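The block underneath contains the structure these notes are about, expressed in structure tokens.
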Amino acid sequence: MLHFQVQTQRSLIVALTPGLDRLLQDYVQRNKTHLERWEPPRSAHYFTLKGTQQRIHDYLLQASQGQILPLVALDQKRESIIATVNVSNIVRGIFQSAYLGYGLDEQYQGQGIMTEILTAAIPAIFNGLKLHRLMANYIPSNLRSGRLLKRVGFVEEGFARDYLFIDGKWQDHILMSRINPSFHF
């Protein structure tokens, strides 16, 4: 697995490891209501320690196969996960691209911290994974997410009707991407 550590002014972004299981469980429990309208339906098991440990195990297996890079941002004291950043569906060959997903702890909203995290993480993701393109999509009603993506250099590419099953229903998405200007084969 790729070693990943990026320091920002207010956080430390690291690759997810088994040692972060309790912090991740606390994050998902704390933000269950806040994030559920932007995520797929979750079973009760998802919020348990066993569910979190299984998820981390599965993520690390996929990461070892070069399919994903699961990241978390820790607070300044390294006592709490304040955000998640996931690079998934990594495709090589002539595409050299992946999807970017993210979530922010509700108590940190409106402080510019997700902009700070993604501004620092994206160049490291591009360089560490040697990617040409990152794609991210958002539900049209999630205006904060749309503004965030534009702030960190993503451009709108299109609209996908009934794109993902989120919050119990098929939801339209705005398709965005950012190109790595320094990518070379």
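A few notes on this one:
- Potential extension, GLN29-ARG42 segment - 0.36 nm per residue separation minus Cα distance: 3.5 nm
- A crude spin-label estimate for the pair GLN67 and ASP167, with each label 7 Å from Cα along the Cβ direction, gives 2.8 nm.
- Separation between Cα centres of the range 58-89 and the range 117-185, rounded to whole Å: 17 Å
- Beta bridges per DSSP with both ends in the chain, % antiparallel, nearest 5: 90 percent
- Dimensions of the range 70-165 along the principal axes, based on C-alpha atoms and rounded to the nearest Å, stand at 41, 32, 24, largest first.
- Scattering curve values for the chain, log₁₀ I(q)/I(0), Debye with Cα scatterers, q = 0.10, 0.11, 0.14, 0.17 Å⁻¹: -0.38, -0.46, -0.79, -1.23
- Projecting the Cα atoms of GLY101, PHE185, ALA160 onto the dipole axis of the chain, where Lys and Arg carry +1 and Asp and Glu carry -1 at the beta carbon, places PHE185 farthest toward the positive end.
- The chain - mean residue ellipticity at 222 nm from DSSP helices (-39,500 (n - 2.57) per run, n ≥ 4, rounded to 500): -9000 deg cm²/dmol
- Subset of LYS50/LYS77; LYS130/LYS150; LYS77/LYS130; LYS77/LYS169 violating a 29 Å alpha-carbon distance limit: LYS77/LYS130; LYS77/LYS169
- Here the range 1-104 yields Rg over Rh of 0.96, to two decimals, using C-alpha coordinates and the Kirkwood radius.
- Which of SER64, GLN25, ASN89, positive extreme of dipole for the range 1-125 (C-beta unit charges): SER64
- Taken about its Cα centre, the chain carries a charge dipole of about 180 debye when Lys and Arg each add +1 at the Cβ and Asp and Glu each add -1 at the Cβ.
Only the coordinates and a few stated rules stand behind these numbers; no lab work does. All values derive from a computational prediction rather than experimental measurement. Note: ideal-geometry Cβ built from the backbone for every residue, glycine included; neighbour counts use all protein chains shown.
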